[in-house]
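**Student:** Take a look at the following structure, please.
The values are calculated or read from the model by the stated rules, or taken from the named source; none is laboratory data. Here the structure is a predicted model, which means the values were calculated and not measured. Don't worry about glycine lacking a Cβ; one is built from the backbone with ideal geometry, like all the others, and counts go over all protein chains shown. Side chains are part of the model used for accessible areas, which takes the heavy atoms of the whole protein and leaves out ligands, DNA and RNA. Shrake-Rupley method; radii C 1.70, N 1.55, O 1.52, S 1.80 Å.
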Amino acid sequence: MIAATGIAEEILALKAERRAILLAHHYQEPEIQDLADAVGDSLELARKARDFEGGVIAFCGVRFMAETAKILNPERIVVVPDAEASCSLVESCPVEPIRAYRRRHPDHVIVSYINTSAEVKAESDILCTSRNAINVVRSIPSDKTILFLPDSNLGHYVKRETGRENMRIWQGLCIVHATWTSRRLAQALGEHPGALVAAHPECSRDVLAMADYIGSTSSIIDWCIRHPGREFVVMTESGVAHSLERLAPDKRFWFIPNENCNCSECPYMKRNTLEKLRDCLLRLEPRIELAPELMARARLPIDRMLALG
Ligand code: 13P
Ligand code: SF4
């Protein structure tokens, strides 16, 4: 077996040879984040992919993120370490019922979270991420009925924050964030009195009600670093600990173990490994392949979101 440092060197050499950019989500293993050209939340990574002008994008995240990068770069090669790295939200939202909804309600506005398949994106009017969902919903004329999909916790959070009445919400959930309970959070606060709570909006309403701050992964990191507090209970995937501990080594960050796995990890995100990353750069496989017509239709709602700034 090759030592991790050997693999890291191989990855860097392949990256240069392929004129590749390595994009990594905050939920990736630390050794992958350390090799990346950019680490970010789903909105930041979509922007990086849009602005890329090299040859190959190696996307270390989950498949819907890599598909978004491909839709923004139809002529470029986009590879992923593991093609099976999905997301429970994508899986909760097949395209057929969305097409049927569109036919029944042609005047409704479909706002899709970026955690959707390319097919669902193609049926959507505008996309959003956890960072900009409130602004996206505010950008839609108030007389229009919205279907927000697929994350129900994010949808209800946006509905509460915007006061939007005419908003229907799909019933998808994140298998990581939705499983943390307010009881477990209260227990953690009992163990760490005085700690502040930063939560991702995919968490349940009860958990969000206890949060001092709600935001995307990158926004949570920025907030914890800038806040004068010393201790934080962080209600998102524990991959963000890598940036938090590097940027604020004097602060303490606590994560809540999920009762199923006793960890705070996304099983889809954690399918990616350094070995698989090296192999995908070497073989240029697994590759994201989407029909040109599908990419053209899925691009419109992505561009509308990115144009909002
Ligand atoms: P971000 O928008 O914060 O990157 O979140 C994506 C995600 O999948 C959270 O579980
Ligand atoms: Fe999907 Fe949840 Fe994993 Fe994010 S943490 S990729 S929403 S399953």
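**Student:** Quick test of your reading of the structure: residue 256 fulfils all but one of (1) crowded, with 18+ Cβ neighbours inside 10 Å; (2) within 25 Å of residue 135 (Cβ to Cβ). Name the failing condition by number.
**Tutor:** (2)
**Student:** Residues being part of a helix (DSSP H, G or I) and within 19 Å of residue 78 (Cβ to Cβ): count how many of those fall in segment 13-32.
**Tutor:** Looking only at that region, the number is 5.
**Student:** Let me ask something additional. Scan segment 30-51 and report the pairs whose first residue is farther than 19 Å from residue 265 by Cβ and open to solvent by less than 50 Å² (accessible area, probe 1.4 Å) and whose second residue is among the hydroxyl-bearing types (Ser, Thr, Tyr) and at pLDDT 95 or above, with Cβ atoms within less than 6 Å and a gap of 6+ or a chain change.
**Tutor:** Final answer for the pair search is 43/129; 46/68.
Rundown of residues vs (1) outside any helix (DSSP H, G or I); (2) surrounded by 15 or more Cβ atoms within 10 Å (Cβ to Cβ); (3) touching a residue at least 60 places away in the same chain (Cβ under 8 Å); (4) among the small types (Gly, Ala, Ser), yes/no style:
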{"residue": "93", "(1), (2), (3), (4)": "yes, yes, yes, no"}
{"residue": "99", "(1), (2), (3), (4)": "no, no, no, no"}
{"residue": "102", "(1), (2), (3), (4)": "no, yes, no, no"}
{"residue": "107", "(1), (2), (3), (4)": "yes, no, no, no"}
{"residue": "111", "(1), (2), (3), (4)": "yes, yes, no, no"}
{"residue": "115", "(1), (2), (3), (4)": "yes, yes, yes, no"}
{"residue": "131", "(1), (2), (3), (4)": "yes, yes, yes, no"}
{"residue": "136", "(1), (2), (3), (4)": "no, yes, yes, no"}
{"residue": "141", "(1), (2), (3), (4)": "yes, no, no, no"}
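**Student:** A further question on this structure: Under the condition of being open to solvent by 70 Å² or more (accessible area, probe 1.4 Å) and not charged (D, E, K, R), which residue from segment 262-291 is farthest from ligand 2 (Cβ to nearest atom)?
**Tutor:** Applying the filter and picking the extreme gives 282.
**Student:** Please work out which one of (1) buried (at least 24 other Cβ atoms within 10 Å of the Cβ); (2) of a type in the set (A, V, I, L, M); (3) assigned to a loop (DSSP other than H, G, I, E, B) is the condition residue 83 fails and give its number.
**Tutor:** (1)
**Student:** Taking the stated definitions as given, is residue 306 of a type in the set (A, V, I, L, M), free of Cβ contacts under 8 Å to residues at least 24 places away in the same chain and closer than 16 Å to residue 41 by Cα?
**Tutor:** no
**Student:** Within segment 178-190, which residues are more than 16 Å from ligand 1 (Cβ to nearest atom) and touching a residue at least 24 places away in the same chain (Cβ under 8 Å)?
**Tutor:** Selection gives 181, 182, 184, 185, 186, 188, 189.
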